[in-house]
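Asks: Take this structure, written in C-alpha cells, and hold onto it; I'll ask about it next.
The values are calculated or read from the model by the stated rules, or taken from the named source; none is laboratory data. Fair warning: this is a prediction, and the values are worked out from it, not measured in the lab. Every residue, glycine among them, receives a Cβ derived from its backbone with ideal geometry; neighbour counts consider all protein chains shown. When the accessible area is computed, the model is the full protein with side chains, heavy atoms only, and any ligands, DNA or RNA have been set aside. Shrake-Rupley method; radii C 1.70, N 1.55, O 1.52, S 1.80 Å.
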Amino acid sequence: MTAAQPLTFHARAGEKVRDLRLQAALQKARPLFVGKRAKGVAALAEDGLDFERLRSAGEEIRNRVLADLDVWLEIFEERARAGGAEVLWARDGKEICDLVIDVARRHGVSKATKSKSMLSEEADLNAALAAAGIRPVETDLGEYIVQLAGEAPSHIIAPAVHKSIDQVEALFAREHGRPVQPRSSADIPAMAAEARAVLREHFLSADMGITGANFLIAESGSAALVTNEGNGRMVTTLPKVHVIVTGIEKIVPTLEDFATLMRLLPRSATGQTISNYVSLLTGTRREGDGEGPTKTVFILVDNGRANLLGSPWQDMLRCIRCGACMNHCPVYFSLGGHAYGWVYPGPMGSVLTPLLTGLENALELPRASTGCNQCGSVCPVRIPLPKLMHRLREEQVVRGLRPRRERLMIGAWAWLARQPKLYRWLAARAARYLRWLAGDAAAIRVFGLAPAWTEGRDLPVGPGRTFHELYAARKRA
Amino acid sequence: MSSRDEILQRVRAGIGLGDAAGRRAAAEAWMAGRRCGPQPFLGGDLLGRFVARAESLSSSVERIAGRRSLPASVAGFLAAGQLGSAAVIAPELADLDWAASGLSVAARPAVDRDTVGITGCFCAIAETGTLLLLSGAQTPASVSLLPETHIALVDERRIVGTMEDAFALLRAEHGSLPRALNFVSGPSRTGDIEQTIVLGAHGPRRVHLILAAA
Ligand code: SF4
C-alpha cells in the first residue's frame, strides 16, 4: 500500500490554494460537474422516476450485499470459476502486485494496457510492474496524462481535471517526440486524436489488459466495466490475458440489481443517462471466438475493507465511486485532489483514507470539511459522509491521537467551563480585550494570539460585553 | 492460512452472523426472485423514444423496409460521407448481397486498418438509446470497436424498454452469458482535456444506426 503522507495536509493545502493554474482549472470544472448532474437527475422525472426512490433502491442493494458479504463472495467465486475465470485473493497492495506480476510472468507479458482501476492505485501497481520489467500503459486519456506527468489522479472520474491544456500539450510533445505548439481549446480534438493514435499502438501490442470493475455480478460471475472512451473494451478484447483487480465490496447480486445501479452511477458521475460503453465480461474466449482473452483472472482485494464491516463506518463500503461527493464539495474545489495525499480525494477520501491507511496517518482529513453535507445529499447510495467524518474525529480523541497541545487546551477549557465565576470574569476581560484590539473596526485583521486563524479571514468582534452582561443589562432596563 | 480464507474469516467476524447455510439459501432465493428496482414509464412508442435518445447521443439514424436493403443503404451512407466502399462485417451479416451494392466486405474480427465496421445487435434499449451487442463467433466485439465508423443494423421488433427487459430477453434466448455483453450508446467520447467533450476517443467517432422494419 502506498502510505498516505502523514500530517502534511495543511502544508499541501496551503500550496494548492496558491497554485493559480490549479485554481483556474478547478473553477472551470466545478459548474460543469454540478450542472450536468443536476440536469441528469432532473430528467428522471420525465420518465416518472423519482431520484429519491432510486437512491433508496441503490442503498438497499448495496446493504444487502454487505450484510452477507461472505456468502455473496462465495457465490461470485463459484460462478466466475464455472465461467472459466481464475479467482485469486489479495489481502493488501503488496499481494496485488505479487499476483499480477506472477500472472504476467506465467504468460510472458512484457507490456500491459490498463483501464482505470483504483485498486491498482492503492497498490502502486504501476511502479511494481515497471520494477519487474513489465511496462504499464494507462489508456484512459486522463490517466494517460497523469501517468506522463508522473502524478497520481486528482479525481476518481476525471483524473486530469487539474491539468491545463498547456500542461497537457507539454507532456504530449515530450512523450510523442515533437515540438511544443501553442494550443487553444479548438485544438483539443486534435490532441485527443494524437493520443488515440499512440494508444492504439499500445492496445494492439500489449499482451495483458488490467482493469478494475465497477461491479461484480454474483449471479453470473461477471465483471461490469463502465467507460466513455472505449478503452475498457479495448483492453478486455485485444490482449490474450485479462486481469481484473477489484475490491471485495464491489459485488451486486443480480443483473436486475446492476440495472438499478446503472440508473444511478452515470447520472451521479457525469449527468449522463448511460455511459457510452457498459460491458459485462464473463469468463474467457469461447469456442469458435476469433478474439478475446484466453485467460481471465479476478483478484479480489481486501486491503482494509473487511475490517469496516460491523464498524461504525460500514456504510462507506456502499460507495460506487461516482465522484458526486467531491464534485459538490467546497473543500475539494478549493484544493483539488492531490491535497488529500492518497488515492481517494474529496469527502469519500476523507473517510476512506484514514480507514484504509490508518487513522494516525491522516489525522487532518476527517476535519477537512465544512460540515455542509452537500456530499451526503448527492451521494447516490446515501452514505452519510459528514457523520462518518465526525465519527472519525471522535475516534481520534478516544484513541488519544490528537496533538498534545490541543488536548491540553481542551482540558483547560473543560476545567474552566466548570468554574462559572472565574469563567464569567475571564470572558468579560476577553470581550473587552478583543474590542480594544479591533479599535474602530468591526473585525480584527491579524489576531496575534492565533495568526493562522486570520490568514484568510478577519475575526469579527462584538460590542466588548459578554452575553451575560448584555442580558443582565437588558433585564434591568 | 490462505489469503482467501483469511479475508473470508475477517468478513465473517465483521458481519458477526452464523448460519451460513440459511444465509446462502436466502441469497439464492433473492437471485431467483429477480426483483427489479424502480422502472421508468416510457409510454407506448419505444421506437420513437429509441430514435430520439440515439440521436441525442450523437448517433445518426435512418430507417429501411427490411434487412435485405441493408447493403444499399450502407452504400448510400458511405458514399455521402466519402467513407470509401470497404468494410469489415460481423459474419452474421455475410448472407447479404454486399457486392451488388458495390461494397467489398470481409466477414471476420476487425483489425486496425479497417475503417468501417458493420454489425447487427442482439436488441436495442429505448430508455437510453442503447444497443446491446453480444460477443461470439458470428458477432465479434472488435467490429463495433476498432473502426472509426460503426454502422449497426437494428431490428425494430427488437427494441425493448429497459436494460432489465434486455436481460429478460437474453435469458429467454440464451442459456448463459457470452464472454462479453457490450451496451453501446453512441460514439466513444472523452472529456479529459479541460472537460471539453471530444468524439472518437478510442472507439468509433461515428455511429450510424439503420433501423429495419422487418
Ligand atoms: S461516497 Fe457516494 S457520492 Fe462519493 S463517490 Fe461514493 S457513491 Fe459517489
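Asks: When the C-alpha atoms of chain B are aligned to their principal axes, what extent does each axis show, in angstrom, from largest down?
Replies: Principal-axis extents of chain B (Cα, largest first): 68, 41, 40 Å.
Asks: Run down the lysines and flag those whose C-alpha is under 24 Å from the C-alpha of A:Lys295, throwing out any fewer than 8 positions away in its chain.
Replies: In chain and number order, the partners are A:Lys94, A:Lys111, A:Lys114, A:Lys116, A:Lys240, A:Lys250.
Asks: May I pose another question? Give the value in nm², to one decimal: projected area of the alpha carbon convex hull of the range A:239-374, averaged over all directions. If you can, show how the numbers build up before the last one.
Replies: Values: hull surface 42.3 nm².
That works out to 10.6 nm², a quarter of the Cα hull's surface.
Asks: Taking every pair of alpha-carbon atoms in the range A:96-194, what share in percent sits in each 5 Å bin, from 0 to the bin with the longest distance?
Replies: With a bin width of 5 Å, the distribution comes to 2, 12, 22, 21, 17, 12, 8, 4, 2, 0.
Asks: Mind checking which of B:Ala168, B:Ala25, B:Pro71 is farthest towards the positive end of chain B's charge dipole, using Cβ charges of +1 (Lys, Arg) and -1 (Asp, Glu) about the Cα centre?
Replies: Most positive-ward Cα: B:Ala25.
Asks: Take the Cα gyration tensor of the range A:120-261, multiply each eigenvalue by 5, square-root it, and list the three semi-axes largest first, rounded to whole angstrom. If you can, show how the numbers build up before the last one.
Replies: Details: eigenvalues 175, 61, 42 Å².
Listed largest to smallest, the semi-axes of the range A:120-261 are 30, 17, 15 Å.
Asks: Sort all Cα-Cα distances of the range B:8-63 into consecutive 10 angstrom bins from zero, then give the percent of pairs in each bin up to the one containing the longest distance.
Replies: 17, 23, 18, 14, 21, 7
Asks: Between the range A:232-306 and the range A:75-141, what is the C-alpha centre distance in whole Å?
Replies: Here the answer is 14 Å between Cα centres.
Asks: A further question on this structure: Report, by chain and number, residues whose modeled amide H sits under 5 Å from the one on A:Ile444, excluding near sequence neighbours (fewer than 5 apart, same chain).
Replies: For A:Ile444, the qualifying residues are A:Leu459, A:Val461.
Asks: Looking at A:Cys97, A:Pro31, A:Gly133, which one has the Cα that reaches farthest to the positive end of the dipole of the range A:1-134 (charges on Cβ: Lys, Arg +1; Asp, Glu -1)?
Replies: Toward the positive end, the furthest listed residue is A:Pro31.
Asks: Lysines within cross-link reach of A:Lys421: Cα-Cα under 26 Å, excluding same-chain residues under 8 positions apart?
Replies: A:Lys475
Asks: Considering the range B:1-99, what Rg and Dmax in Å follow from its alpha-carbon atoms?
Replies: Rg and Dmax of the range B:1-99, Cα atoms, are 26.1, 67 Å.
Asks: Next question. Calculated from DSSP H runs of 4 or more alone, at -39500 (n - 2.57) each and per residue, what is the 222 nm mean residue ellipticity of chain B, nearest 500? Mind showing how you got there, number by number?
Replies: Numbers: 5 runs with 60 residues, N = 214.
Using -39500 (n - 2.57) per qualifying helix, the result is -8500 deg cm²/dmol.
Asks: Give the residues of the range A:377-403 whose amide nitrogen is closer than 19 Å to a point set 7 Å from the Cα of A:Leu416 in the direction of its Cβ.
Replies: Those under the cut-off are A:403.
Asks: Quick one: Kirkwood hydrodynamic radius for the protein assembly as shown, alpha-carbon pairs, angstrom, one decimal? Can you show the working numbers first?
Replies: Details: mean 1/r = 0.0368 Å⁻¹.
27.2 Å is the Kirkwood radius here.
Asks: Between B:Ala100 and B:Glu173, take the C-beta separation as r, use R0 = 30 Å, and let me know the FRET efficiency to the nearest 0.05. Before the final figure, lay out the partial values.
Replies: Details: r = 31 Å, r/R0 = 1.03.
With a Förster radius of 30 Å, E is 0.45.
Asks: Angle between the Cα long axis of helix B:20-33 and the longest principal axis of chain B, 0 to 90 degrees, nearest 10?
Replies: 30 degrees
Asks: Which whole-number value in Å² is the accessible area per residue of the range A:52-307, probe 1.4 Å?
Replies: Details: 7020 Å² over 256 residues.
Per-residue value: 27 Å².
Asks: Give the list, by residue number, of cysteines in chain A with no other Cys Cβ closer than 4.7 Å, or say none.
Replies: A:Cys97, A:Cys319, A:Cys322, A:Cys329, A:Cys372, A:Cys379
Asks: Would you mind working out the magnitude of the charge dipole of the protein assembly as shown relative to its Cα centre, with +1 at each Lys and Arg C-beta and -1 at each Asp and Glu C-beta, to the nearest 20 Debye? Don't jump to the answer; show the numbers that get you there.
Replies: Numbers: 83 positive and 72 negative charges, 653 e Å.
Computed charge dipole of the protein assembly as shown: roughly 3140 debye.
Asks: Then there is this: Along the charge dipole of the protein assembly as shown, which of B:Gly129, B:Ala86, A:Tyr433 sits closest to the positive end, that is, farthest toward it, with unit charges on the beta carbon of Lys, Arg, Asp and Glu (+1, +1, -1, -1)?
Replies: A:Tyr433
Asks: Next question. Measure off, as a whole percent, the carbon and sulfur share of the 1.4 Å-probe accessible area of the protein assembly as shown, all protein chains present.
Replies: Working: 15200 of 27480 Å².
The computed percentage sits at 55.
Asks: Near the amide H of B:Ile197, under 5 Å away, which other amide H atoms are found, from residues 5 or more places off or on another chain, if H is placed in the peptide plane?
Replies: none
Asks: Nearest 10 degrees, 0 to 90: what angle lies between the long axis of helix A:467-476 and the longest principal axis of chain A (Cα atoms)?
Replies: 40 degrees
Asks: How much length, in nm to one decimal, is gained on full extension between A:Glu287 and A:His107, taken as 0.36 nm per residue of separation minus their Cα-Cα distance? Mind dumping the intermediate values first?
Replies: Details: separation 180, 0.36 × 180 = 64.80 nm, distance 2.03 nm.
Length gained, A:Glu287 through A:His107: 62.8 nm.
Asks: Leaving out ligands and nucleic acids, note down the accessible area per residue over the range B:89-198 with a 1.4 angstrom probe, in whole Å². If you can, show how the numbers build up before the last one.
Replies: Values: 3290 Å² over 110 residues.
So the range B:89-198 comes to 30 Å² accessible per residue, rounded to a whole number.
Asks: So for the range A:141-221, what percent of the C-alpha to C-alpha distances run longer than 15 Å? Provide the component values of the computation, followed by the final result.
Replies: Values: 2113 of 3240 pairs.
That fraction is 65 percent.
Asks: Let me ask something else. Sorted from largest down, what three extents in whole angstroms do the Cα atoms of the range A:52-307 have along their principal axes?
Replies: The Cα atoms of the range A:52-307 stretch 56, 47, 41 Å along the principal axes, largest first.
Asks: Work out, step by step, the length gained on full extension between A:His176 and A:Tyr423: first 0.36 nm times the residue separation, then minus their alpha carbon distance; give nm to one decimal.
Replies: Details: separation 247, 0.36 × 247 = 88.92 nm, distance 6.85 nm.
82.1 nm is the gain from fully extending A:His176 to A:Tyr423.
Asks: Let me ask something else. Report the far tail of the P(r) of the range A:407-476, meaning the percent of Cα-Cα pairs longer than 21 Å. Working shown, then result.
Replies: Details: 946 of 2415 pairs.
The share of Cα pairs beyond 21 Å in the range A:407-476 comes to 39 percent.
Asks: What distance in nm separates the two pseudo spin-label positions at A:Asn373 and B:Arg34, each 7 Å out from Cα along the beta-carbon direction?
Replies: 4.0 nm
Asks: Based on alpha-carbon positions alone, could you give the equivalent ellipsoid semi-axes of the range A:322-477 from the gyration tensor, as √(5λ), descending, whole Å? Kindly include the intermediate steps, with their values, before the conclusion.
Replies: On the way: eigenvalues 272, 76, 53 Å².
After scaling each eigenvalue by five and taking roots: 37, 19, 16 Å.
Asks: For chain A, take the longest principal axis of its alpha carbons; what is the angle in degrees between that and the long axis of helix A:165-175, to the nearest 10 within 0 to 90?
Replies: Once rounded, one gets 40 degrees.
Asks: Still on this structure: Please report the buried accessible area for the interface of A with B, total over both chains, probe 1.4 Å, in Å² to the nearest 100.
Replies: Details: alone 22970 and 12160 Å², together 27480 Å².
Chain pair A/B: roughly 7700 Å² of buried accessible area.
Asks: Could you work out how far the C-alpha centroid of the range A:5-46 sits from that of the range B:192-214, in angstrom?
Replies: 27 Å
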